[in-house]
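Since the structure comes first, as structure tokens, the remarks are kept for the end.
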Ligand code: ATP
Ligand code: MG
């Protein structure tokens, strides 16, 4: 392909209103343009990368038996009410009405639609297992669209759904998809890790996220040398023992206007580890008191899973007063009635603790579990912190990293088939629920994450397999006959072997061409300049090599070298 014929509107300057390197580079290199907050146009160069990632994914999905389909982008509300997700999905769901006032939404994920399809067309164990997948736009009205196409409101997802006769078959297949996802990340040339994760609004019992390691990734990962890895939302916390000491008598202390943990810690001159923080939450409409140690934070994702709630949120001031008889900041577990109390594992270990007295301007000292208060549930409901020990090997301290989530796989079991009555007849003619897994990959996010991982100050450095073109030929003067001849010869020889080659045939200064070459990041560059006209050598340079690492080769040598790199 010829540069002059393609729409590659590179910019001289970085766009000023963009927050991360990948988004800046995608816009500057002419891959994408922003239409509105969270909505992007993919131009030819951007689309080429997207298609390459797509074809790597398609290959891996097809060899594990996936069958490609296309679902509509507009879904009827009726299916979403069957699972309750019309309400649960909240504001992230784009909703619309047709001219008859029938309600619809734009696809954010497609479990309901695919389960409906399967319950109509799959009747017998003979039709299982079954794996269906699609590449389709997804729409989510994200609170904060940002990072370009990494968190946009419309993005391309590969979503896949598998259906099984039983849990065991689902488990085996989950592992197969897990491995296919790893292959996809390897083939895309990415540095990644796989971690356990919380299932969020999609649900199910087990899920893993595929993370591209990047310093500005939105997800924090806790990991250990023993092989354990989890998002910090999911990472298990072991109980932290407290120092043993003699139990003292309960004592009420006057703490005027001291309502935050920090202020109380200062006022009483005690370690935050001695404090029991009590928060009133509302879980699907029911109040619940949640206790965590003063230096720990409550993990709402864990709380939600523990309570099997669709939504948990902090109670407002009025609710806190009606439950505790005191304003926020003075809540404690002693004497709390009419609410369930959940305590984090580490809370009940604290001896002679301090907590709110459920009375304005008062705290209580020397509070001890069982002697002074009881709870309904003791469980791990806090966020992991540095210094926590690995929950798997129980030896080393956890370490922390940041990553970009590109894929998420879920073992849903019968969550959706139960709600939507999706069944099959087994060998004995008995009706059973279908078991299900679902597997998402953010195709557009992979493109951005790859740039996040592979760029320098001058531009993108594409991994070979997902580069928009594999080779860039830069004739410094395309209109010189000998230069043009050799350019076209190299172009033909590489293209005929299936390589994607771009020729910069523009009538531009060499400086402009080199700048754009570095910006666009095509992995291998062949420059045809004066040296070719004098001694017959062309320049060969890999984008990832340093500026002065240029090799001078005969045209046939450069062709042979590139064919070898791509194993052609
Ligand atoms: P996140 O926690 O980042 O919001 P999610 O858990 O909501 O992601 P899933 O519902 O599991 O994401 O979607 C599958 C994949 O789709 C994600 O792994 C991610 O790669 C991609 N994805 C999700 N939301 C967006 C978005 N707003 N923009 C681009 N890609 C997205
Ligand atoms: Mg999300």
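Across the stretch 66-78, a minimum of one residue is classified as surrounded by 13 or more Cβ atoms within 10 Å (Cβ to Cβ), in contact with a strand residue (DSSP E or B) (Cβ under 9 Å, 6 or more places away or on another chain) and assigned to a helix (DSSP H, G or I).
Selection of the stretch 370-381 for residues being surrounded by 16 or more Cβ atoms within 10 Å (Cβ to Cβ) and more than 34 Å from the chain's Cα centre (by Cα) yields 372, 373, 375. Annotation for the stretch 469-484: at least one member residue is free of Cβ contacts under 8 Å to residues at least 24 places away in the same chain, crowded, with 16+ Cβ neighbours inside 10 Å and not in a loop (DSSP other than H, G, I, E, B).
Does residue 460 count as more than 16 Å from ligand 1 (Cβ to nearest atom), crowded, with 24+ Cβ neighbours inside 10 Å and under 27 Å from residue 39 (Cβ atoms)? So residue 460 passes the test. Among all positions in the stretch 252-268, there is at least one residue which is in contact with a strand residue (DSSP E or B) (Cβ under 7 Å, 6 or more places away or on another chain), more than 20 Å from residue 373 (Cβ to Cβ) and surrounded by fewer than 15 Cβ atoms within 10 Å (Cβ to Cβ).
Please go through the stretch 485-499 and pick out each residue that is closer than 14 Å to residue 1 by Cα and either without any contact (Cβ under 8 Å) to a residue 24 or more places away in the chain or surrounded by fewer than 16 Cβ atoms within 10 Å (Cβ to Cβ) (or both). Outline the logic, then answer.
So in the stretch 485-499, the residues closer than 14 Å to residue 1 by Cα come out as 487-496, 498-499.
Hits for the stretch 485-499 are 488, 489, 491, 492, 495, 496, 498.
Considering each residue of the stretch 68-85 in turn, at least one proves to be within 16 Å of ligand 2 (Cβ to nearest atom) and either at pLDDT 95 or above or more than 30 Å from residue 7 (Cβ to Cβ) (or both).
I'd like the residue in the stretch 152-200 that is over 27 Å from residue 450 (Cβ atoms) and in a helix (DSSP H, G or I) and, out of all such residues, is farthest from ligand 2 (Cβ to nearest atom). Here the residue is 168.
Scanning the stretch 511-544 for residues that are over 36 Å from the mean Cα position of the chain (by Cα), part of a helix (DSSP H, G or I) and over 14 Å from residue 3 (Cα atoms) yields 511, 530, 531, 532, 533, 534, 535.
Each row is one residue, and each column tells you yes or no for (1) buried (at least 17 other Cβ atoms within 10 Å of the Cβ); (2) within 16 Å of ligand 1 (Cβ to nearest atom); (3) outside the structural domain of residue 339 (by TED's automatic domain parsing).
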residue: 414; (1), (2), (3): yes, no, yes
residue: 429; (1), (2), (3): no, no, yes
residue: 441; (1), (2), (3): yes, yes, yes
residue: 444; (1), (2), (3): yes, yes, yes
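Scanning the stretch 84-129 for residues that are in contact with a helix residue (DSSP H, G or I) (Cβ under 9 Å, 6 or more places away or on another chain), in a loop (DSSP other than H, G, I, E, B) and closer than 30 Å to residue 64 by Cα yields 107, 108, 109, 128, 129. For the stretch 211-222, the criterion of being within 15 Å of ligand 1 (Cβ to nearest atom) and at pLDDT below 90 is met by at least one residue.
Looking for whichever is crowded, with 24+ Cβ neighbours inside 10 Å, over 30 Å from residue 129 (Cβ atoms) and not assigned by TED's automatic domain parsing to the domain that holds residue 291 here; the options are 367, 354, 384, 347. Which one fits? Don't jump to the end; show me each part of the working.
Working: 367 fails: not assigned by TED's automatic domain parsing to the domain that holds residue 291; 354 fails: not assigned by TED's automatic domain parsing to the domain that holds residue 291; 347 fails: not assigned by TED's automatic domain parsing to the domain that holds residue 291.
Going through 367, 354, 384, 347 in turn, the sole match is 384.
Scanning the stretch 86-110 for residues that are away from ligand 2 (no atom under 16 Å from the Cβ) and surrounded by 14 or more Cβ atoms within 10 Å (Cβ to Cβ) returns 86, 95, 103, 104.
Taking the listed residues 437, 403, 407, the one that is more than 16 Å from ligand 2 (Cβ to nearest atom), in a strand (DSSP E or B), closer than 23 Å to residue 192 by Cα and at pLDDT 95 or above is 437, with no other qualifying. Please indicate, with yes or no, whether at least one residue in the stretch 492-502 is farther than 22 Å from residue 567 by Cα and either over 39 Å from the mean Cα position of the chain (by Cα) or at pLDDT 95 or above (or both). No, because not a single residue in the stretch 492-502 is farther than 22 Å from residue 567 by Cα and either over 39 Å from the mean Cα position of the chain (by Cα) or at pLDDT 95 or above (or both).
Quick one: how many residues across the stretch 136-163 are within 6 Å of ligand 1 (Cβ to nearest atom) and over 20 Å from residue 21 (Cα atoms)? The total comes to 3.
The values are calculated or read from the model by the stated rules, or taken from the named source; none is laboratory data. This is a predicted model, so every value here is computed, not measured. Backbone-built Cβ (ideal geometry, glycine too); neighbour counts: all protein chains shown.
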